[in-house]
Amino acid sequence: MKVLLEEAARRSIAYRSSIQSRSVAPSAEAIAGLSQFVEVLPTQGSDPNTTLELLDSAGSPAAVAMTGPRYFGFVIGGSLPITLAANWLAGAWDQNAAMHGVTPAVADIEQIAIRWMLDLLQLPDTAGAALVTGATIANFTALAAARDQVLNRAGWDARAQGLFGAPEISVVIGAEAHPTLTKSLGLLGLGQQRVATIPVDSQGRMQVNKLPDVSGPTIVCTQVGNINSGAFDPVGDICDRVCGANVWVHVDGAFGLWAAASRELSQYVAGVEKADSWATDAHKWLNVPYDCGIAFVRDENALRSAMAITAEYLLTESSGRNPSDYTPELSRRARGVEVWAALRTLGREGVDDMVSRCCRYARNFAEKLSAAGYEILNDVVLNQVLVSFGDKATTLAIVNEIQLDGTCWCGSTVWQGRTAMRISVSNWSTTDEDVAESLAAIIRIAESICRD
Ligand SMILES: Cc1ncc(COP(=O)(O)O)c(C=O)c1O
(Lines give C-alpha, C1' and ligand atoms only; values in the text may rest on other atoms or scores of the structure.)
Protein backbone atom coordinates (compact mmCIF):
# COMPACT_ATOMS: atom_id res chain seq x y z
CA MET A 1 0.00 0.00 0.00
CA LYS A 2 2.78 2.45 0.95
CA VAL A 3 4.56 2.11 -2.41
CA LEU A 4 1.30 2.45 -4.32
CA LEU A 5 0.14 5.54 -2.44
CA GLU A 6 3.54 7.22 -2.65
CA GLU A 7 3.55 6.57 -6.38
CA ALA A 8 0.03 8.03 -6.68
CA ALA A 9 1.18 11.14 -4.80
CA ARG A 10 4.30 11.44 -6.99
CA ARG A 11 2.27 11.19 -10.19
CA SER A 12 -0.40 13.62 -8.91
CA ILE A 13 2.26 16.17 -7.96
CA ALA A 14 3.87 15.80 -11.39
CA TYR A 15 0.49 16.42 -13.04
CA ARG A 16 -0.23 19.51 -10.96
CA SER A 17 3.29 20.84 -11.50
CA SER A 18 2.79 20.64 -15.27
CA ILE A 19 -0.54 22.48 -15.26
CA GLN A 20 0.91 25.94 -15.90
CA SER A 21 2.81 24.91 -19.02
CA ARG A 22 0.62 22.24 -20.61
CA SER A 23 -1.91 22.87 -23.37
CA VAL A 24 -5.26 23.57 -21.69
CA ALA A 25 -7.11 21.29 -24.11
CA PRO A 26 -5.65 17.79 -24.62
CA SER A 27 -4.06 16.99 -27.97
CA ALA A 28 -5.76 14.76 -30.54
CA GLU A 29 -3.00 12.25 -29.88
CA ALA A 30 -3.80 12.19 -26.15
CA ILE A 31 -7.50 11.67 -26.88
CA ALA A 32 -6.63 8.84 -29.27
CA GLY A 33 -4.55 7.31 -26.45
CA LEU A 34 -7.76 6.75 -24.43
CA SER A 35 -8.24 3.62 -26.57
CA GLN A 36 -5.77 1.99 -24.16
CA PHE A 37 -8.62 1.81 -21.62
CA VAL A 38 -10.74 -0.27 -23.98
CA GLU A 39 -10.26 -3.84 -22.82
CA VAL A 40 -12.48 -6.68 -21.69
CA LEU A 41 -13.19 -6.98 -17.97
CA PRO A 42 -10.22 -8.96 -16.67
CA THR A 43 -10.97 -12.37 -15.25
CA GLN A 44 -7.94 -12.39 -13.01
CA GLY A 45 -6.76 -9.55 -10.82
CA SER A 46 -3.46 -7.79 -11.52
CA ASP A 47 -0.74 -5.71 -9.90
CA PRO A 48 -2.37 -2.40 -8.78
CA ASN A 49 0.78 -0.53 -9.81
CA THR A 50 0.07 -1.37 -13.46
CA THR A 51 -3.46 0.08 -13.10
CA LEU A 52 -2.09 3.30 -11.65
CA GLU A 53 0.55 3.38 -14.41
CA LEU A 54 -2.13 3.08 -17.13
CA LEU A 55 -4.35 5.70 -15.48
CA ASP A 56 -1.53 8.21 -15.44
CA SER A 57 0.14 7.42 -18.76
CA ALA A 58 -3.12 7.33 -20.77
CA GLY A 59 -5.47 9.38 -18.56
CA SER A 60 -3.34 12.36 -17.46
CA PRO A 61 -2.40 13.56 -20.98
CA ALA A 62 -6.08 13.45 -21.96
CA ALA A 63 -7.26 15.40 -18.90
CA VAL A 64 -8.37 18.97 -19.61
CA ALA A 65 -6.35 21.48 -17.56
CA MET A 66 -9.54 22.67 -15.86
CA THR A 67 -7.73 23.22 -12.62
CA GLY A 68 -5.13 25.41 -14.33
CA PRO A 69 -4.93 29.21 -14.40
CA ARG A 70 -6.05 29.71 -18.01
CA TYR A 71 -9.23 27.64 -18.02
CA PHE A 72 -12.07 30.16 -18.46
CA GLY A 73 -14.89 27.81 -19.48
CA PHE A 74 -18.26 27.45 -17.70
CA VAL A 75 -17.66 28.54 -14.07
CA ILE A 76 -14.88 26.23 -12.93
CA GLY A 77 -12.67 26.69 -9.89
CA GLY A 78 -9.31 24.94 -9.56
CA SER A 79 -8.65 23.16 -6.29
CA LEU A 80 -6.41 25.11 -3.92
CA PRO A 81 -3.37 22.99 -2.93
CA ILE A 82 -4.54 22.72 0.70
CA THR A 83 -7.96 21.50 -0.44
CA LEU A 84 -6.39 18.79 -2.59
CA ALA A 85 -4.20 17.82 0.36
CA ALA A 86 -7.23 17.74 2.68
CA ASN A 87 -9.09 15.71 0.06
CA TRP A 88 -6.26 13.13 0.04
CA LEU A 89 -6.24 12.84 3.81
CA ALA A 90 -10.03 12.69 4.14
CA GLY A 91 -10.01 10.16 1.31
CA ALA A 92 -7.61 8.06 3.37
CA TRP A 93 -9.98 8.32 6.34
CA ASP A 94 -12.80 7.21 3.98
CA GLN A 95 -15.54 8.22 6.39
CA ASN A 96 -19.23 7.79 5.72
CA ALA A 97 -20.07 11.35 6.78
CA ALA A 98 -23.72 10.76 7.60
CA MET A 99 -24.02 10.71 11.38
CA HIS A 100 -22.20 12.39 14.23
CA GLY A 101 -22.24 9.30 16.43
CA VAL A 102 -20.52 7.29 13.70
CA THR A 103 -18.00 9.86 12.50
CA PRO A 104 -17.65 12.71 15.00
CA ALA A 105 -14.50 14.20 13.42
CA VAL A 106 -15.92 14.99 10.02
CA ALA A 107 -19.35 15.90 11.45
CA ASP A 108 -17.74 18.49 13.76
CA ILE A 109 -15.42 19.85 11.05
CA GLU A 110 -18.40 20.20 8.66
CA GLN A 111 -20.34 22.12 11.30
CA ILE A 112 -17.48 24.57 11.75
CA ALA A 113 -17.18 25.01 7.96
CA ILE A 114 -20.91 25.81 7.80
CA ARG A 115 -20.67 28.36 10.62
CA TRP A 116 -17.75 30.07 8.89
CA MET A 117 -19.58 30.18 5.53
CA LEU A 118 -22.69 31.72 7.11
CA ASP A 119 -20.44 34.38 8.63
CA LEU A 120 -18.49 35.04 5.43
CA LEU A 121 -21.58 35.12 3.19
CA GLN A 122 -23.41 37.34 5.68
CA LEU A 123 -26.32 34.92 6.10
CA PRO A 124 -28.32 34.39 9.32
CA ASP A 125 -26.13 32.52 11.79
CA THR A 126 -29.01 30.27 12.82
CA ALA A 127 -29.59 28.93 9.31
CA GLY A 128 -29.39 25.19 8.65
CA ALA A 129 -27.19 23.85 5.86
CA ALA A 130 -26.56 20.81 3.72
CA LEU A 131 -23.29 20.03 1.98
CA VAL A 132 -24.25 18.30 -1.24
CA THR A 133 -22.76 17.56 -4.66
CA GLY A 134 -23.29 20.97 -6.27
CA ALA A 135 -25.64 23.89 -6.79
CA THR A 136 -28.09 21.70 -8.71
CA ILE A 137 -28.76 19.53 -5.66
CA ALA A 138 -28.42 22.56 -3.37
CA ASN A 139 -31.28 24.19 -5.31
CA PHE A 140 -33.23 20.92 -5.08
CA THR A 141 -32.62 20.59 -1.34
CA ALA A 142 -33.59 24.17 -0.50
CA LEU A 143 -36.66 24.03 -2.73
CA ALA A 144 -37.78 20.77 -1.12
CA ALA A 145 -37.76 22.60 2.23
CA ALA A 146 -39.59 25.52 0.58
CA ARG A 147 -42.28 23.29 -0.92
CA ASP A 148 -42.96 21.46 2.34
CA GLN A 149 -42.98 24.65 4.39
CA VAL A 150 -45.36 26.75 2.28
CA LEU A 151 -47.72 23.77 2.13
CA ASN A 152 -47.35 23.18 5.86
CA ARG A 153 -48.39 26.79 6.48
CA ALA A 154 -51.43 26.11 4.27
CA GLY A 155 -52.34 23.11 6.46
CA TRP A 156 -50.90 20.35 4.23
CA ASP A 157 -48.26 17.77 5.16
CA ALA A 158 -46.46 17.23 1.85
CA ARG A 159 -43.87 14.91 3.34
CA ALA A 160 -46.57 12.49 4.43
CA GLN A 161 -49.22 13.07 1.78
CA GLY A 162 -47.27 14.04 -1.31
CA LEU A 163 -48.68 16.55 -3.74
CA PHE A 164 -51.89 14.78 -4.82
CA GLY A 165 -54.77 16.91 -3.53
CA ALA A 166 -52.41 19.53 -2.05
CA PRO A 167 -53.15 23.27 -2.25
CA GLU A 168 -51.60 24.75 -5.41
CA ILE A 169 -48.20 26.36 -5.04
CA SER A 170 -47.47 29.37 -7.26
CA VAL A 171 -43.87 29.37 -8.47
CA VAL A 172 -42.26 32.56 -9.75
CA ILE A 173 -38.92 32.52 -11.57
CA GLY A 174 -36.88 34.95 -13.65
CA ALA A 175 -36.64 34.46 -17.41
CA GLU A 176 -32.89 33.96 -16.92
CA ALA A 177 -33.13 31.26 -14.22
CA HIS A 178 -30.41 28.63 -14.55
CA PRO A 179 -31.70 25.36 -16.09
CA THR A 180 -30.73 23.41 -12.97
CA LEU A 181 -33.23 25.49 -11.03
CA THR A 182 -36.06 24.55 -13.40
CA LYS A 183 -34.81 20.97 -13.33
CA SER A 184 -35.14 21.00 -9.53
CA LEU A 185 -38.69 22.31 -9.81
CA GLY A 186 -39.49 19.38 -12.11
CA LEU A 187 -37.90 16.84 -9.74
CA LEU A 188 -39.95 18.24 -6.86
CA GLY A 189 -43.25 17.82 -8.70
CA LEU A 190 -43.68 21.59 -9.03
CA GLY A 191 -43.36 21.48 -12.81
CA GLN A 192 -40.72 23.03 -15.02
CA GLN A 193 -43.27 24.95 -17.05
CA ARG A 194 -46.02 25.53 -14.48
CA VAL A 195 -44.31 28.76 -13.42
CA ALA A 196 -44.86 32.51 -13.75
CA THR A 197 -41.81 33.78 -15.63
CA ILE A 198 -40.73 37.33 -14.86
CA PRO A 199 -39.12 39.36 -17.67
CA VAL A 200 -35.52 40.45 -17.21
CA ASP A 201 -33.57 43.56 -18.20
CA SER A 202 -30.60 43.81 -20.56
CA GLN A 203 -28.29 42.23 -17.96
CA GLY A 204 -30.66 39.35 -17.14
CA ARG A 205 -31.97 40.81 -13.84
CA MET A 206 -35.57 40.13 -12.81
CA GLN A 207 -37.71 43.25 -13.10
CA VAL A 208 -39.27 43.79 -9.69
CA ASN A 209 -42.15 45.86 -11.03
CA LYS A 210 -43.19 42.88 -13.20
CA LEU A 211 -43.68 40.58 -10.19
CA PRO A 212 -47.28 39.39 -9.91
CA ASP A 213 -49.34 40.04 -6.79
CA VAL A 214 -48.88 36.90 -4.77
CA SER A 215 -51.37 35.06 -2.61
CA GLY A 216 -51.51 31.51 -1.25
CA PRO A 217 -48.45 29.26 -1.00
CA THR A 218 -45.78 30.78 -3.25
CA ILE A 219 -42.11 30.17 -4.00
CA VAL A 220 -40.13 32.97 -5.67
CA CYS A 221 -36.82 31.85 -7.20
CA THR A 222 -34.18 34.53 -7.62
CA GLN A 223 -30.58 34.42 -8.75
CA VAL A 224 -27.33 36.15 -7.88
CA GLY A 225 -24.66 35.63 -10.54
CA ASN A 226 -26.18 35.05 -13.96
CA ILE A 227 -24.29 32.22 -15.70
CA ASN A 228 -23.62 34.48 -18.71
CA SER A 229 -23.58 38.10 -17.56
CA GLY A 230 -22.81 37.60 -13.86
CA ALA A 231 -25.69 39.99 -13.03
CA PHE A 232 -27.60 39.94 -9.73
CA ASP A 233 -31.36 39.93 -9.26
CA PRO A 234 -32.42 42.66 -6.79
CA VAL A 235 -33.17 40.07 -4.11
CA GLY A 236 -33.67 42.54 -1.25
CA ASP A 237 -36.28 44.50 -3.23
CA ILE A 238 -38.01 41.28 -4.27
CA CYS A 239 -38.17 40.14 -0.63
CA ASP A 240 -39.61 43.52 0.44
CA ARG A 241 -42.21 43.32 -2.30
CA VAL A 242 -43.54 39.85 -1.34
CA CYS A 243 -43.04 39.87 2.44
CA GLY A 244 -45.93 39.09 4.76
CA ALA A 245 -47.63 36.52 2.52
CA ASN A 246 -47.03 32.74 2.58
CA VAL A 247 -44.05 33.25 0.31
CA TRP A 248 -40.64 31.61 0.34
CA VAL A 249 -37.86 33.45 -1.51
CA HIS A 250 -35.00 31.25 -2.74
CA VAL A 251 -31.68 32.51 -4.11
CA ASP A 252 -29.62 30.52 -6.61
CA GLY A 253 -26.15 31.91 -5.94
CA ALA A 254 -23.98 29.14 -7.35
CA PHE A 255 -21.05 31.51 -7.68
CA GLY A 256 -22.53 35.01 -7.24
CA LEU A 257 -23.23 34.53 -3.53
CA TRP A 258 -19.45 34.70 -2.94
CA ALA A 259 -19.58 38.40 -3.84
CA ALA A 260 -20.64 38.81 -0.19
CA ALA A 261 -17.10 37.81 0.83
CA SER A 262 -15.55 40.69 -1.13
CA ARG A 263 -15.60 44.22 0.32
CA GLU A 264 -15.56 45.58 -3.21
CA LEU A 265 -18.48 43.46 -4.47
CA SER A 266 -20.74 42.89 -1.46
CA GLN A 267 -22.91 45.86 -2.53
CA TYR A 268 -24.32 43.60 -5.28
CA VAL A 269 -25.76 41.14 -2.81
CA ALA A 270 -27.17 43.72 -0.39
CA GLY A 271 -30.49 42.34 0.85
CA VAL A 272 -29.91 38.67 -0.03
CA GLU A 273 -29.96 37.87 3.68
CA LYS A 274 -33.69 38.67 3.67
CA ALA A 275 -34.41 35.51 1.62
CA ASP A 276 -35.46 32.14 3.06
CA SER A 277 -32.92 29.90 1.35
CA TRP A 278 -29.73 30.06 -0.69
CA ALA A 279 -27.86 27.62 -2.92
CA THR A 280 -24.19 27.94 -3.75
CA ASP A 281 -21.13 25.99 -4.78
CA ALA A 282 -17.78 25.60 -3.08
CA HIS A 283 -16.29 23.83 -6.12
CA LYS A 284 -16.66 27.03 -8.10
CA TRP A 285 -15.34 30.13 -6.36
CA LEU A 286 -14.05 28.65 -3.12
CA ASN A 287 -11.78 26.45 -5.28
CA VAL A 288 -12.28 23.15 -3.50
CA PRO A 289 -12.13 19.86 -5.47
CA TYR A 290 -15.27 18.53 -7.13
CA ASP A 291 -17.83 18.05 -5.87
CA CYS A 292 -19.25 20.40 -3.28
CA GLY A 293 -22.38 22.55 -3.18
CA ILE A 294 -24.23 24.01 -0.20
CA ALA A 295 -27.91 24.64 0.56
CA PHE A 296 -28.58 27.13 3.36
CA VAL A 297 -32.08 27.43 4.84
CA ARG A 298 -33.03 30.24 7.22
CA ASP A 299 -35.38 28.01 9.21
CA GLU A 300 -33.18 25.09 10.18
CA ASN A 301 -36.23 23.06 11.22
CA ALA A 302 -37.80 23.44 7.78
CA LEU A 303 -34.69 21.84 6.23
CA ARG A 304 -34.52 19.13 8.88
CA SER A 305 -38.16 18.22 8.56
CA ALA A 306 -37.78 17.88 4.77
CA MET A 307 -34.60 15.76 4.95
CA ALA A 308 -34.14 13.89 8.26
CA ILE A 309 -34.70 10.15 8.43
CA THR A 310 -34.14 7.55 11.08
CA ALA A 311 -34.27 3.79 11.57
CA GLU A 312 -33.53 1.42 14.40
CA TYR A 313 -30.12 0.54 12.98
CA LEU A 314 -29.05 4.17 12.41
CA LEU A 315 -27.27 6.10 15.14
CA THR A 316 -29.23 9.31 14.61
CA GLU A 317 -29.68 9.94 18.35
CA SER A 318 -26.67 12.13 19.07
CA SER A 319 -25.62 15.20 20.98
CA GLY A 320 -23.81 16.42 17.85
CA ARG A 321 -25.09 17.54 14.45
CA ASN A 322 -25.92 14.73 12.02
CA PRO A 323 -25.13 15.87 8.45
CA SER A 324 -27.72 13.38 7.15
CA ASP A 325 -30.50 15.28 8.96
CA TYR A 326 -30.04 18.01 6.34
CA THR A 327 -29.14 16.25 3.09
CA PRO A 328 -31.02 14.20 0.50
CA GLU A 329 -28.28 11.55 0.80
CA LEU A 330 -27.60 9.21 3.70
CA SER A 331 -24.13 7.91 2.82
CA ARG A 332 -21.83 10.65 1.57
CA ARG A 333 -18.20 11.70 1.45
CA ALA A 334 -16.65 14.16 3.93
CA ARG A 335 -16.73 17.18 1.63
CA GLY A 336 -16.91 19.59 4.59
CA VAL A 337 -13.24 18.88 5.33
CA GLU A 338 -12.10 20.61 2.13
CA VAL A 339 -14.37 23.61 2.74
CA TRP A 340 -12.99 23.95 6.26
CA ALA A 341 -9.40 23.63 4.95
CA ALA A 342 -9.95 26.31 2.29
CA LEU A 343 -11.51 28.77 4.74
CA ARG A 344 -8.95 28.17 7.48
CA THR A 345 -6.04 28.59 5.08
CA LEU A 346 -7.35 31.61 3.16
CA GLY A 347 -9.05 33.40 6.02
CA ARG A 348 -11.52 36.22 5.43
CA GLU A 349 -8.87 38.32 3.65
CA GLY A 350 -7.80 35.47 1.40
CA VAL A 351 -11.32 34.73 0.16
CA ASP A 352 -11.94 38.45 -0.40
CA ASP A 353 -8.69 38.69 -2.37
CA MET A 354 -9.42 35.59 -4.49
CA VAL A 355 -12.93 36.70 -5.45
CA SER A 356 -11.99 40.36 -6.03
CA ARG A 357 -8.89 39.41 -8.06
CA CYS A 358 -10.91 37.20 -10.44
CA CYS A 359 -13.27 40.12 -11.05
CA ARG A 360 -10.37 42.48 -11.70
CA TYR A 361 -9.04 40.05 -14.32
CA ALA A 362 -12.51 39.86 -15.92
CA ARG A 363 -12.56 43.68 -16.21
CA ASN A 364 -9.07 43.55 -17.72
CA PHE A 365 -10.24 41.03 -20.35
CA ALA A 366 -13.20 43.27 -21.20
CA GLU A 367 -11.12 46.47 -21.43
CA LYS A 368 -8.42 44.95 -23.65
CA LEU A 369 -10.85 43.14 -25.96
CA SER A 370 -12.94 46.27 -26.30
CA ALA A 371 -9.80 48.32 -27.04
CA ALA A 372 -8.93 45.76 -29.74
CA GLY A 373 -12.27 46.53 -31.39
CA TYR A 374 -14.47 43.69 -30.16
CA GLU A 375 -17.87 44.14 -28.55
CA ILE A 376 -18.46 43.36 -24.88
CA LEU A 377 -22.10 42.37 -24.50
CA ASN A 378 -22.48 42.61 -20.71
CA ASP A 379 -21.71 45.05 -17.92
CA VAL A 380 -18.75 43.29 -16.34
CA VAL A 381 -19.82 43.50 -12.70
CA LEU A 382 -18.49 40.13 -11.62
CA ASN A 383 -16.20 37.48 -13.15
CA GLN A 384 -18.09 36.88 -16.42
CA VAL A 385 -17.28 38.48 -19.79
CA LEU A 386 -19.30 38.05 -23.00
CA VAL A 387 -17.51 39.01 -26.22
CA SER A 388 -18.86 39.19 -29.75
CA PHE A 389 -16.41 39.13 -32.65
CA GLY A 390 -19.12 40.02 -35.18
CA ASP A 391 -21.54 37.51 -36.64
CA LYS A 392 -22.30 34.07 -35.21
CA ALA A 393 -20.05 32.14 -37.62
CA THR A 394 -17.02 34.37 -36.94
CA THR A 395 -17.48 34.25 -33.15
CA LEU A 396 -17.88 30.46 -33.13
CA ALA A 397 -14.85 30.02 -35.41
CA ILE A 398 -12.73 32.09 -33.02
CA VAL A 399 -13.94 30.15 -29.96
CA ASN A 400 -13.20 26.88 -31.74
CA GLU A 401 -9.71 28.03 -32.72
CA ILE A 402 -8.94 29.20 -29.17
CA GLN A 403 -9.92 25.82 -27.80
CA LEU A 404 -7.64 24.07 -30.33
CA ASP A 405 -4.78 26.51 -29.73
CA GLY A 406 -4.47 25.39 -26.09
CA THR A 407 -3.16 28.64 -24.56
CA CYS A 408 -6.46 29.07 -22.74
CA TRP A 409 -9.98 27.66 -22.93
CA CYS A 410 -13.15 29.74 -23.39
CA GLY A 411 -16.64 28.50 -24.29
CA SER A 412 -19.48 29.94 -26.31
CA THR A 413 -23.02 30.98 -25.50
CA VAL A 414 -25.99 32.89 -26.84
CA TRP A 415 -26.77 36.02 -24.86
CA GLN A 416 -30.11 37.71 -25.57
CA GLY A 417 -29.99 36.52 -29.18
CA ARG A 418 -26.27 37.21 -29.80
CA THR A 419 -23.64 34.51 -30.10
CA ALA A 420 -20.73 35.27 -27.79
CA MET A 421 -17.54 33.91 -26.35
CA ARG A 422 -17.80 33.42 -22.57
CA ILE A 423 -14.86 34.12 -20.31
CA SER A 424 -15.31 33.10 -16.68
CA VAL A 425 -12.44 33.87 -14.29
CA SER A 426 -12.83 31.66 -11.23
CA ASN A 427 -9.45 30.10 -10.53
CA TRP A 428 -7.33 30.95 -7.45
CA SER A 429 -4.06 30.65 -9.39
CA THR A 430 -4.75 32.91 -12.38
CA THR A 431 -2.22 35.76 -12.59
CA ASP A 432 -1.78 38.99 -14.57
CA GLU A 433 0.62 37.05 -16.83
CA ASP A 434 -2.00 34.35 -17.52
CA VAL A 435 -4.51 37.03 -18.48
CA ALA A 436 -1.99 38.79 -20.73
CA GLU A 437 -0.97 35.52 -22.39
CA SER A 438 -4.61 34.54 -22.95
CA LEU A 439 -5.52 37.98 -24.30
CA ALA A 440 -2.62 37.83 -26.75
CA ALA A 441 -3.81 34.42 -28.01
CA ILE A 442 -7.44 35.52 -28.31
CA ILE A 443 -6.57 38.72 -30.17
CA ARG A 444 -4.06 36.96 -32.44
CA ILE A 445 -6.64 34.32 -33.42
CA ALA A 446 -9.47 36.86 -33.77
CA GLU A 447 -7.37 39.10 -36.02
CA SER A 448 -6.35 36.21 -38.22
CA ILE A 449 -9.93 34.88 -38.59
CA CYS A 450 -11.41 38.35 -39.14
CA ARG A 451 -8.74 39.03 -41.80
CA ASP A 452 -9.55 35.85 -43.79
C1 LIG B 1 -26.52 30.09 -11.33
C2 LIG B 1 -26.21 28.62 -11.36
N3 LIG B 1 -27.02 27.76 -10.76
C4 LIG B 1 -26.76 26.44 -10.73
C5 LIG B 1 -25.65 25.91 -11.35
C6 LIG B 1 -25.38 24.44 -11.30
O7 LIG B 1 -24.27 24.17 -10.51
P8 LIG B 1 -23.63 22.71 -10.40
O9 LIG B 1 -23.14 22.37 -11.78
O10 LIG B 1 -22.55 22.85 -9.41
O11 LIG B 1 -24.69 21.75 -9.97
C12 LIG B 1 -24.76 26.78 -12.01
C13 LIG B 1 -23.58 26.26 -12.70
O14 LIG B 1 -22.81 26.98 -13.30
C15 LIG B 1 -25.04 28.18 -11.99
O16 LIG B 1 -24.21 29.05 -12.56
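The values are calculated or read from the model by the stated rules, or taken from the named source; none is laboratory data. If you're wondering where the values come from, they're calculated on a predicted model, not measured in any experiment. Positions of Cβ are backbone-derived with ideal geometry, glycine not excepted, and every protein chain shown enters the neighbour counts. Ligands, DNA and RNA are excluded from the accessible area calculation, which covers all protein heavy atoms including side chains. Shrake-Rupley method; radii C 1.70, N 1.55, O 1.52, S 1.80 Å.
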For segment 279-294, Karplus-derived ³J(HN,Hα) couplings (6.51, -1.76, 1.60; θ = phi - 60°; whole Hz; x for glycine and proline) come out as 10, 8, 10, 9, 6, 8, 7, 7, 6, 9, x, 4, 10, 6, x, 9
Long-range amide H partners of W415, meaning residues 5 or more apart or on another chain whose placed amide H is closer than 5 Å, are A420
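About the Cα centre of segment 103-180, what is the dipole size in debye to 20, counting +1 per Lys and Arg Cβ and -1 per Asp and Glu Cβ, all else neutral?
160
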Quick one: accessible surface of Y268, probe radius 1.4 Å, all protein chains present, in square angstrom to the nearest 10. 80
Solvent-accessible ranking of I449, I309, I76, largest area first, probe 1.4 Å: I309, I449, I76
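Can you compute the charge dipole magnitude of the chain about its Cα centre, using +1 on each Lys and Arg Cβ and -1 on each Asp and Glu Cβ, nothing else charged? Give it in debye, rounded to the nearest 20.
Numbers: 35 positive and 49 negative charges, 69 e Å.
That gives the chain a dipole magnitude of about 340 debye.
Send over the per residue convex hull volume for segment 85-342, Cα only, as a whole number of Å³.
On the way: hull volume 31.1 nm³, N = 258.
Enclosed volume per residue, from the Cα hull, is 120 Å³.
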With only Lys, Arg, Asp and Glu charged, each at its Cβ (+1 for the first two, -1 for the last two), find how big the charge dipole of segment 238-295 is about the Cα centre; round to the nearest 20 debye. 120
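Can you show me the helix-derived [θ] at 222 nm for the chain, built from DSSP H runs with n ≥ 4 at -39,500 (n - 2.57) apiece and divided by the number of residues, rounded to the nearest 500.
Values: 13 runs with 176 residues, N = 452.
Helices in the chain give a 222 nm mean residue ellipticity of -12500 deg cm²/dmol.
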Taking the Cα centre of segment 227-383 as the origin and placing charges on Cβ (Lys, Arg +1; Asp, Glu -1), which of F296, Y374, S331 is farthest toward the positive end of the dipole? Y374
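Considering only protein heavy atoms, with the full assembly of protein chains and a 1.4 angstrom probe, order W156, W116 by accessible area, largest first. Each step should come with its number before you reach the end.
Values: W156 60, W116 95 Å².
Accessible-area ranking of W156, W116, largest first: W116, W156.
Return one quarter of the surface area of the convex hull spanned by the alpha-carbon atoms of the chain, equal to its mean projected area, in nm². List each step's numbers first, then the result.
Values: hull surface 96.9 nm².
Reported value for the Cα convex hull: 24.2 nm².
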Largest first, how would T67, T43, T51 line up by accessible area (1.4 Å probe)? T43, T51, T67
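Probe of 1.4 angstrom, ligands and nucleic acids ignored: what's the accessible area per residue over the chain, in square angstrom? Can you show the working numbers first?
Numbers: 19600 Å² over 452 residues.
For the chain, the per-residue accessible area is 43 Å².
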With a 1.4 Å probe and all protein chains kept in place, how much accessible area does H178 have, in Å² rounded to the nearest 10? 50
Can you tell me the convex hull volume per residue for segment 2-68, based on C-alpha atoms, in Å³ to the nearest whole number? 81
Accessible surface of I19 in the full protein assembly, 1.4 angstrom probe, to the nearest 10 Å²? 20
